[in-house]
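What follows is a short report on a single structure.
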Amino acid sequence: MNTVLRLQLPTDPRWVDLAQMSIEDILTDHAYCEQKAASTCISLIQQYPEKTAIVEQLAPIVTEEWGHFRMVLAELKKRNLLLGKQRKDEYVNELLKFIRKGVSREEQLLDKLLMAGLIEARSCERFKLLSKGIADDDLKQFYHRLMIAEAAHYTLFLELARTIATKERVRERWLEWLHHEAQIMQNLTPRGDRMH
């Protein structure tokens, strides 16, 4: 999976042990991640309405991500757990710092698409770990289904990046993002109450 996703620093598999110590916390964080994914797509559509391919391709993803949010809520309800408060997402906040300022609109859009793709790739990797390692059989199946969806989203964001920049430029900047993300992962303390 990491070879496919190109992530440079794999998640320590023991993260699953931390995550299942508090299912309520990890599901809460996951719910907000899905909500933010939908918001990101809406934001890109609002900021770049002239990019027809982006508008047309991301509109259904908004619906899908919101559907995932509702699915996570259902998993919480099934277990008589509550959606807790949204917490600061250190991982995403660190990624945001890598979006360049003072560059062309196209280059900034490239960064936003690659960042979104990277978050989907890391989510996909974490969902795979949960689908294999979590003790709850229902959640194993749940995360397996979501892993497949996230992999498709990751691919879509990279394809959209190629509609606004050359293949070589996308590859060059993607490698820079992958390197930056690996450094973030190295510096973050693994937490069982966070999806990232």
The number of residues in segment 122-154 that are hydroxyl-bearing (Ser, Thr, Tyr) and closer than 24 Å to residue 105 by Cβ is 1
If you check 83, 76, 95, which single one turns out to be in contact with a helix residue (DSSP H, G or I) (Cβ under 6 Å, 6 or more places away or on another chain) and under 21 Å from residue 12 (Cβ atoms)?
-> 95
Subset of segment 85-130 [in a loop (DSSP other than H, G, I, E, B) and either charged (D, E, K, R) or buried (at least 21 other Cβ atoms within 10 Å of the Cβ) (or both)] | 85, 87, 88, 89, 97, 100, 101
Can you name the residue in segment 131-158 that is small (Gly, Ala, Ser) and assigned to a helix (DSSP H, G or I) and is also nearest to residue 92 (Cα to Cα) among such residues?
-> 151
With the condition kept exactly as written, say whether any residue in segment 101-112 is β-branched (Val, Ile, Thr), more than 16 Å from the chain's Cα centre (by Cα) and at pLDDT below 95.
-> no
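Results for (1) closer than 19 Å to residue 85 by Cα; (2) part of a helix (DSSP H, G or I); (3) at pLDDT 95 or above, shown as yes or no for each residue.
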| site | (1), (2), (3) |
| --- | --- |
| 8 | no, no, no |
| 17 | no, yes, no |
| 28 | yes, yes, yes |
| 37 | yes, yes, yes |
| 50 | no, no, yes |
| 59 | no, yes, yes |
Is at least one residue of segment 41-61 more than 18 Å from residue 158 (Cβ to Cβ), among the aliphatic types (A, V, I, L, M) and within 13 Å of the chain's Cα centre (by Cα)?
-> no
How about segment 159-176: which of its residues are in a helix (DSSP H, G or I) and either surrounded by fewer than 20 Cβ atoms within 10 Å (Cβ to Cβ) or at positive phi (or both)?
-> 159, 167, 168, 169, 171, 172, 173, 174, 175, 176
So how many residues does segment 76-103 have that are under 30 Å from residue 182 (Cβ atoms) and touching a residue at least 60 places away in the same chain (Cβ under 8 Å)?
-> 9
In segment 1-21, anything more than 18 Å from residue 146 (Cα to Cα), polar (S, T, N, Q) and surrounded by 14 or more Cβ atoms within 10 Å (Cβ to Cβ) is listed as 8
Given (1) free of Cβ contacts under 8 Å to residues at least 60 places away in the same chain; (2) of a type in the set (D, E, K, R); (3) crowded, with 17+ Cβ neighbours inside 10 Å; (4) more than 20 Å from residue 38 (Cα to Cα), index of the condition residue 150 fails | (4)
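The values are calculated or read from the model by the stated rules, or taken from the named source; none is laboratory data. Since the model is a prediction, treat every value here as computed from it, not as a measurement. Here Cβ is always computed from backbone atoms with ideal geometry, including for glycine, and neighbour counts include all displayed protein chains.
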